[in-house]
Amino acid sequence: MAGGGPAAAAASAEAPDIREHPPSPKVPPDLTAAAFFDVDNTMMMGASIFHFARGLAARNFFSGSDLRGFVWQQLKFRLGGEGTPDDVRAHREQALSFVAGQSVAELVELGEEIYDELMADRIWEGTRALAQMHLDAGQRVWLVTATPLELARIIARRLGLTGALGTVAESEDGVYTGRLVGELLHGPAKAHAVRALAAREGLDLRRCAAYSDSVNDAPMLSVVGTAVAVNPDSDLRQLARRRGWEIRDFRSGRKAARIGVPSVLGAGAVAGAVVGGLAYRRRLVG
């Protein structure tokens, strides 16, 4: 198992994707500035992990009642913020009970299919335009999410972004071991992962930007020079107003063309749960 905690795990796991989508050759690369985007309700309407679970349910990987239970657990985890150490441990143990012995390739194949079916049309065009502004300025753009790394990479690749930092499940010989590399990439862990990536890539965090909808991501928003609350929950909206952070709410029907380019480019959970259907189905047929 890789050492160094969630930041090191996520950053080291993502190294190949950094070279996959370099800045356009027509734009001089800006090597010390970058942008970091949360996924759920920031880049995508709703939760990516839920859309994936819906796709699994449509393929009879688990029942409607299992899906409802999954949704309830995700709501409790999201609305409850960090939760107690016991809560986080319980979510981790639940994830690990599902992931052991499952094929990484099968997860990726399903993720590709379900992205096309249930996720592509749920990307917020305003947020996507924000990401494109950074790319057009020669900057790299990463997704930073508690979503499993494999699914996060699919979303990033389909959007033409640099790469993704996500929750990492350990695998050996293409099969999940049932252990996580580090912890869930959630809350303060996102800030740690961004700092580790910045150190490795030579980024000046004062010139970087971060985008999120949730107050849980306040640590990540606080480590960069430009913090933007996108479709914010009420707590993040209040925090953004107190700290003078930008607020972009695409739920109001604002057009991406109305985004202020100079200000945006200015100053600067659960990993195994989504593949639960695989284990559930195999228990039924086994």
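Rule-based calculations on the coordinates, nothing more; no lab input. Just so we're clear, the structure is a prediction, and the values are computed from it rather than from any experiment. Note that each Cβ is placed from the backbone with ideal geometry, even for glycine, and that neighbours are counted across all protein chains shown.
Over what distance in Å are the Cα centres of segment 204-222 and segment 112-159 separated?
17 Å
If you keep only loop residues by DSSP, which trypsin sites (Lys or Arg not before Pro) in segment 167-259 have at most 12 other Cβ atoms within 10 Å of their Cβ?
254, 255
Long-range amide H contacts for residue 248: which residues qualify at under 5 Å (H placed 1.01 Å from N, peptide plane, sequence gap of 5 or more or a different chain)?
Residues meeting the amide H criterion: 229, 230, 231.
Spin-label point model (7 Å from Cα, Cβ direction): what's the residue 136 to residue 113 distance in nm?
Rounded to a tenth, the inter-label distance reads 3.7 nm.
What distance in nm separates the two pseudo spin-label positions at residue 103 and residue 222, each 7 Å out from Cα along the beta-carbon direction?
Output for this residue pair reads 4.5 nm.
What's the extension gain from residue 238 to residue 60 if we count 0.36 nm per residue and subtract their Cα-Cα distance?
59.9 nm is the gain from fully extending residue 238 to residue 60.
Sticking with the crude label model, points 7 Å out along Cα→Cβ, report the distance from residue 122 to residue 32 in nm, one decimal please.
Label-label distance for residue 122 and residue 32, simple model: 4.0 nm.
Under the rule of at least 5 residues apart or a separate chain, name every residue whose amide H is placed under 5 Å from the amide H of residue 44.
Answer set, sorted by chain and number: 124.
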